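Throughout, read-outs are computed from the coordinates displayed, never taken from laboratory work. Keep in mind that what you see is a predicted model, and the values were worked out from it rather than measured. Ideal geometry is used to build each Cβ from the backbone, glycine not excepted, and the neighbour counts take in all protein chains shown.
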Amino acid sequence: MVRILRAAGCDSENAKIAAEVFLEADMRGVSFQGLDHMHTLLSGIRNGHVDPTGQPRIAKESDAFALIDGRRGLGQPAAQLATDVAISKARKSGICCVGITNSSDIFMVGFYAERIAQTGLVGFVFTGAPPSVHPYGGRERILGTNPFAIAFPTDEENPILIDMATSAVSNSFVRQANYYGEELPDNVAVDADGKPTRSAKAVRAGGAIGPLADHKGFALALAVGLLSGPLVGAQVGKAINGWRSNDKGPQGIYGHFLIAIDPSCFGDPQAFKEAASGYLEEIRSSRKATGVTEIRTPGMRSFRTRERSLRGGVQIYDAIWENFASLAKDMNVTVPAVKKVN
C-alpha cells in the first residue's frame, strides 16, 4: 500500500499514515474501509480531487479548539494531526474540539476515536460523505452515509468503540455486494425510480440507500453533516457530490469534526474507567435471548478479529485483491504473493 501511494505522488510519511488506517480496517475485518477503499483515494488523486503533496496545518487555534486546513491532501494525515491536537489540548483544558476543512476522506473514523480513548479520554469523530442516501420520506440522494465514532476508555485492554454509519447500510457494503452479485437486505435501498430494491447494481446505478432506522437515522445524518460541514467551514449535501465522480479538478470542500473530553474534569478518571468496565460486565452477564451464547459490546468483534489477524494474517476477498493488483500493475508496483483460502 505504501509503495502504491508513493507511486501516486504521496510522500513517505503520509503514505505510511494512510496505509496504517487501511491496514487496521482490514485487520479488524472492516474490509469496507480497508484495501478495498484505496481505489477511492487513488481515483481522487488521479482526477485532481486530492493533492498527494498536500500537508495539513493548523489554521486557527485557542486553548480548547483548533481548525486544521487539510490543504486538499490525504485525509488520514489531517485526521491524525487533529487527533494529536485534540488529545494535547484536552489534557490542558479538559475538552477540545477540532475541525478539519479543505480535506478529503479520512476513512475508518473509529481509528481516530480509539486513539483518543487509548489515552484515557472520551473521543468523538464525525465525518460527512458525498450524497448516496435519501432522506426519510424522500428518494433522492441528498445525504451522505455520514459515519461517526464514539470511544470510551475502560479498565480493560480495549476501549468501548462505537463506529457506525447513519445509513441503513454503508456505501461500501453496497459496493462489495455488487462485486459478487449478492442481494441487499430488505428495505435498505431504492432504485433510480424510488422503488424498493435488493439489487446493489441498481443502487449504484442511480438508486439511493435508506437512512438508518428511518427518521432517526435521517436526523443523525443531518446532525453529522452539519457538524462536519458548515460548522468547520466545509460543505454538505450536493456541494460535495463531485467527490464520487470522475470530474476533473478540485471538488466541494470536505470536512470532519473531532471532540476529546478528559474525564478528570468531572471526577476521578480511574473511577470512570472502572465504572465503564463494570457496566460492560453487567451488560455481558445479563440474561440472553433464546439461542444467544454471548452479548457482545461495541468494539468486541473488531478487536478479536484484529488479534486473529496478528496471529494468522489478514484475509482479503479475492475480488478486492484482484482490483488492488490491477491498480498496482497500472502504477508499475509489484504486489506480494498471497495465500489463498477457501
* Structure fact -> Of the residues in the range 35-72, those that are closer than 15 Å to I17 by Cβ, small (G, A, S) and touching a residue at least 24 places away in the same chain (Cβ under 8 Å) come to G70
* Asked: Limited to the range 286-342, what total is found for residues that are of a type in the set (V, I, T), farther than 28 Å from S43 by Cα and in contact (Cβ under 8 Å) with a residue 12 or more places away in the chain?
  -> 4
* Which ones in the range 137-179 are within 14 Å of F32 (Cβ to Cβ) and of a type in the set (S, T, Y)? -> T145, S167, S170, S172, Y179
* Structure fact -> Taking the range 284-339 and the residues there that are more than 26 Å from I160 (Cβ to Cβ) and among the hydroxyl-bearing types (S, T, Y), the one that is surrounded by the most Cβ atoms within 10 Å (Cβ to Cβ) would be Y317
* Asked: Mind checking whether some residue in the range 26-48 is acidic (D, E) and under 21 Å from G255 (Cα atoms)?
  -> no
* Structure fact -> Scanning the range 118-130 for residues that are in contact (Cβ under 8 Å) with a residue 40 or more places away in the chain and either in a loop (DSSP other than H, G, I, E, B) or surrounded by 24 or more Cβ atoms within 10 Å (Cβ to Cβ) (or both) gives Q118, G120, L121, G123, V125, F126, T127, G128, A129, P130
* To do: Could you list all residues from the range 74-90 that are surrounded by fewer than 24 Cβ atoms within 10 Å (Cβ to Cβ) and in contact with a Ser or Thr (Cβ under 8 Å, 6 or more places away or on another chain)?
  => I87
* Within the range 220-234, identify whether any single residue is part of a loop (DSSP other than H, G, I, E, B), touching a Phe, Trp or Tyr at 6+ places or on another chain (Cβ under 6 Å) and at positive phi, and answer yes or no. => no
